[in-house]
Amino acid sequence: MDEFEFIRRLRGKANRTGLPAQVLTGIGDDGTVIRPSPGKDLIVTTDLLIEDIDFRKKETPPDVLGHKALAVSLSDLAAMGSTPRWALTSLGVPKQVWNTEFLDRFYDGIFKLAERYQVKLIGGDTSRTPARIIVDTILIGECLEGKAVLRAGAKPGDLVYVTGELGAAAAGLRLLNRGADPTPAHSKEARDAAIERVMRRQLRPEPRVGWGLVLGEEHLATAMIDISDGLSSDLHHLCEECKVGATIDRAKIPIDEAVKILCGRRALDPLMLALHGGEDFELLFTVSPENASRLPKKVDGVNASCIGQIEPASSGVRLAEGSSVWELEALGFQHFKN
């Protein structure tokens, strides 16, 4: 199979249900022509996954990698309060990978997740790389004109919320790297279930698309960001954009129970994983107090927890425990840190 035969096959899979009305040309030309809907804004996001940086091929089956490649971009669109519509995926692989079933399985993972959210694959590119796999996913979404949720809208007094539970993806990564320290007080069944959960959270993240749509369409979120680098770092990012500070209540941070089972304080502190671990792909958002009662208790079975409040910029970003308050440093993931 050469790349042109591969493109023909991929186009057949992508177009088997036809093209949406806004997509005038799909896979096959040098570019895709999109005619936006009247009164709508387009939201465009892109994410890179690099072998041995963002994933390890030995521990990541091709369909799982395809799922994650699309999921991380879906999470970005969710953080903008937009509806995901179209995807373009570019893939660089070594020759020895090209000559396997890797590509078919990779796109199986993409198509399976795309179908859940009615996302259409409309383009991309393929190339040969010297040694490692590179995945670049571009995702395009829509929202009502002028209604995208930005990172820059929070004001002092707004409440800080986070969806789901934190720390499991980071625990899964630690488990892949060196193993965790299972707490002997728990049964083998509980530990096995916890291991399965944290590995799934690391390898197959679930984007909070439903929450993003509710927060955007109901005009509930004043600012929003997805937690990819860690709660501490992404809270700092949001506060910097809004020119505000924040105080987070340690006791209200929703730590995944699986993390507590697997990571005793002698090895990995569950709170540290929840604060700094990253790759949870939950949504961190702010809501004005008068709108807090309008928040649904759950969306798609996932709840949201109020963990703090926005403060004036002079307060900085802080973590509180009872009467004790201290600075919360941004210690999440950085690609180029020493």
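Overview of values
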item	result
Loop trypsin sites (Lys or Arg not before Pro), the range 293-338 (other Cβ atoms within 10 Å of the site Cβ: 13 or fewer; DSSP)	K297, K337
Viscosity 0.890 mPa s, 25 °C: Kirkwood-radius Stokes-Einstein D of the range 200-242 over Cα pairs, µm²/s	207 µm²/s
Overall Cα dimensions of the chain - principal axes, largest extent first, Å	65, 51, 38
Electrostatic dipole magnitude of the chain [Cβ: Lys, Arg +1; Asp, Glu -1; Cα centre; debye, to 20]	620 debye
Residues whose placed amide H lies under 5 Å from that of L166, excluding near-sequence neighbours	I255, D256
Using θ = phi - 60° and Karplus 6.51 cos²θ - 1.76 cosθ + 1.60, couplings along the range 299-304 (whole Hz; Gly, Pro as x)	10, 6, x, 10, 8, 10
Estimated dipole of the range 3-144 in Debye, rounded to 20 [Cβ of Lys and Arg +1, of Asp and Glu -1, Cα centre]	340 debye
0 to 90° range, to nearest 10: angle between helix 62-79 axis and the chain longest Cα axis	60 degrees
Qualifying GluC sites (Glu not before Pro) for the range 73-170 [loop in DSSP, other Cβ within 10 Å: at most 10]	E101
Selection from L121, A131, G92 lying farthest towards where the dipole of the range 3-144 points positive, charges on Cβ	L121
Span from the the range 72-116 Cα centroid across to the the range 202-275 one, whole angstrom	24 Å
Per-residue HN-Hα couplings for the range 44-61 [Karplus 6.51, -1.76, 1.60; θ = phi - 60°; Hz; x = Gly/Pro]	10, 9, 9, 9, 9, 10, 10, 4, 6, 10, 9, 7, 10, 4, 4, 9, 10, x
Partner lysines for K297 [C-alpha distance under 19 Å; skip if fewer than 8 residues away on the same chain]	K252
Proximal aspartates and glutamates relative to K188, as straight alpha-carbon distance under 16 Å, when same-chain residues fewer than 8 apart are discounted	E196, E257
Rounded to the nearest 20 debye, dipole of the range 65-168 from Cβ charges on Lys, Arg, Asp, Glu	140 debye
Stokes-Einstein D in µm²/s, Kirkwood radius over Cα pairs - the range 159-327 at 10 °C with 1.306 mPa s viscosity	97 µm²/s
Interatomic Cα distance distribution for the range 3-144, bins of 10 angstrom, percent	11, 44, 34, 10, 1
Which of I261, A170, S232, positive extreme of dipole for the chain (C-beta unit charges)	I261
Approximate spin-label separation K188-S323, in nm, with each point projected 7 Å along Cα-to-Cβ	4.9 nm
Kirkwood Rh, angstrom, the range 133-229 [1 / mean 1/r, Cα pairs]	16.6 Å
Eligible aspartates and glutamates near K243 by straight Cα distance, threshold 12 Å, same-chain separation 8 or greater	E311
Residue-by-residue Karplus 3J(HN,Hα) for the range 154-161, coefficients 6.51, -1.76, 1.60, Hz, glycine and proline x	6, 10, x, x, 4, 8, 9, 10
Long-range HN-HN contacts of R85 with modeled amide H, under 5 Å	I140, G141, E142
Pairs of lysine residues in the range 3-144 - Cα separation under 13 Å, sequence separation of 8 or more or cross-chain	5
Sparsely packed GluC sites (Glu not before Pro) within the range 188-271, loop by DSSP, other Cβ within 10 Å at most 16	E218
Fraction of antiparallel bridges per DSSP, the chain only, in percent to nearest 5	75 percent
For the range 3-144, share of DSSP beta bridges that run antiparallel, in % to the nearest 5	70 percent
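A short reminder: the numbers here are calculations on the coordinates, not readings from a lab. Being a predicted model, the structure only gives us computed values, none of them experimental. Glycine also receives a Cβ, built like all others from the backbone with ideal geometry; neighbour counts cover every protein chain displayed.
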